[in-house]
Amino acid sequence: MRQVVISGAGVVSPIGATLAEFGQRMFSGQSGIVDIRGRLVPWNFPVSVAAPVSESISGPDILQDCNSGSRFSRLAGIATEQAVRQLPSGLPV
């Protein structure tokens, strides 16, 4: 059996773009769910709510040159960068 050690974590979600912000909002009961009709979808769209991740989240400097990547890749990079910053010094990355 293989062992796994989780040494860092990162999050980008509708209720927070850092672990601290996410934890604070999650434990206070916030959901991130908003009405999307007329903003993200037409008024007659059959689904009226969603939990979108804010477009204003900025990533680390290393990702600023990666404009050609998808939004998903950019958000994954932001969460990964958060996790890497938490690694104990001396660990190979």
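Some points to look at:
- Residue match in the range 65-73 (condition: at pLDDT 80 or above, among the basic types (Lys, Arg) and open to solvent by 80 Å² or more (accessible area, probe 1.4 Å)): yes
- For the range 10-43, the candidate set comprises residues that are within 15 Å of residue 54 (Cα to Cα) and touching a residue at least 60 places away in the same chain (Cβ under 8 Å); within that set, the residue that is most open to solvent (accessible area, probe 1.4 Å) is 18.
- Residues (out of contact with any Asp or Glu (no Cβ under 7 Å at 6 or more places or on another chain) and either over 13 Å from residue 12 (Cα atoms) or at pLDDT below 60 (or both)) located in the range 43-61: 43, 44, 45, 46, 47, 50, 61
- If you filter the range 13-31 down to residues that are of a type in the set (A, V, I, L, M) and part of a helix (DSSP H, G or I), you find that the one that is nearest to residue 82 (Cα to Cα) is 19.
The values are calculated or read from the model by the stated rules, or taken from the named source; none is laboratory data. Just so you know, these numbers come straight off a predicted model, no measurement behind them. All Cβ positions, glycine included, derive from the backbone under ideal geometry; neighbour counts span all protein chains shown. With ligands, DNA and RNA removed, areas are computed over all heavy atoms of the protein, side chains included. Shrake-Rupley method; radii C 1.70, N 1.55, O 1.52, S 1.80 Å.
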